[in-house]
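Colleague: Here's a structure for you.
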Number of protein chains: 2
Amino acid sequence: MYSATDPLSTTLSALADPTRRALLARLSEGEATVNQLAEPFDITLQAVSRHLKVLETAGLISRGREAQWRPCKLETARLQEVDGWLARYRMFWEGSFDKMGAYLEEITKGDQNGSKN
Amino acid sequence: MYSATDPLSTTLSALADPTRRALLARLSEGEATVNQLAEPFDITLQAVSRHLKVLETAGLISRGREAQWRPCKLETARLQEVDGWLARYRMFWEGSFDKMGAYLEEITKGDQNGSKN
DNA sequence: ACGTTGATCAACGAAAGTGTTGAATATGTA
DNA sequence: TACATATTCAACACTTTCGTTGATCAACGT
């Protein structure tokens, strides 16, 4: 009954947590292991590990294997999807309502399923 | 312990639901009342009303008062914040890592609080 | 005043999210 | 082998979210 399973919902849900966004911010500066990532936080290592699992499930990070370490790496594809989703709304604050009309026509033709996207 | 309260988390959490995104998409085409907004969905009017409350609390919509109707209107400020948050990562897929370096320097100077943003 | 329409509030239950502790797994080192 | 390090798994508790039903509030029309 509950909890959306579509990719965009999964992504946004993963991003809706300050700890996870901080982890991504750290990863934007380079790869890191779980322990390195956990260091700045007051929560347990296990909790951080689970946050990373959420990010991985959402496709926001990927992980390698080097001995007992599992270095995490930022993946941008899902963030690009968020960026794409925003495009529709960006036109509002950019004031180009002509583009907006064109955009609306286009998506209702190709259809992007308004109730899922 | 639970549930982040910072504005960006609230916004992303509100967006992490396909029903609520569909409501925003509908509102991007113009203002609408609760009944009009609820019409395409299989859930109860009360459920839609609560989704709208979530969107309003997040600042993603505002509401007027016209007799017994409460017309909803899209507000873009919070979406712009999401857009701003994305900027840091956009540099990755745009391949301009020089800009990235400059960006990182700038934010660690002015500080944007990595653990909250 | 009365009934209708638009919308919200309140109480409930099921499911999911987040943190903790303690155990388990896997790899590297002495 | 034994031990330390890195990470994950499992069980538990508490909170939050989402949908439902039933009641309530507010403004309209007759």
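Colleague: What number, in percent, do you get for the relative contact order of the range B:7-75 if the mean sequence gap of Cα pairs under 8 Å and at least 6 apart is divided by its residue count?
Modeller: 36 percent
Colleague: Highest mean first, how do B:11-23, B:47-59 rank when packing is the count of other Cβ atoms within 10 Å averaged over residues?
Modeller: Ranking the peptides B:11-23, B:47-59 by packing returns B:11-23, B:47-59.
Colleague: Can you give the mean number of other chain Cβ atoms that lie within 10 Å of the Cβ atoms in peptide A:72-82?
Modeller: 3
Colleague: Sequence-distant or interchain residues sharing an amide H contact under 5 Å with A:Ile61, placed H: which?
Modeller: A:Glu56, A:Glu75
Colleague: Calculate the FRET efficiency for B:Arg70 and A:Arg50 from the Cβ-Cβ distance with a Förster distance of 45 Å, rounded to the nearest 0.05.
Modeller: My answer for the efficiency is 0.70.
Colleague: Counting partner chain Cβ atoms within 10 Å of every residue's Cβ in A:6-12, what's the average?
Modeller: 4
Colleague: Using a label point 7 angstrom from Cα along Cα-to-C-beta, what distances in nm, from shortest up, separate A:Leu45 from the other copies?
Modeller: For A:Leu45, the other copies' label points sit at 5.6 nm, shortest first.
Colleague: If each label sits 7 angstrom from Cα along the C-beta direction, how far apart, in nm, is A:Glu66 from its counterparts in the other copies?
Modeller: So the label point of A:Glu66 gives 6.1 nm to the other copies.
Colleague: Using the Cβ atoms and a cut-off under 11 Å, what net charge is assigned to the surroundings of A:Ile61, where Lys and Arg are +1 and Asp and Glu are -1?
Modeller: That works out to +4.
Here, each number is a calculation from the coordinates, and none is a lab measurement. None of the values given here were measured: they were computed from a predicted structure. Cβ: placed from backbone, ideal geometry, glycine included. Neighbour counts: every protein chain shown.
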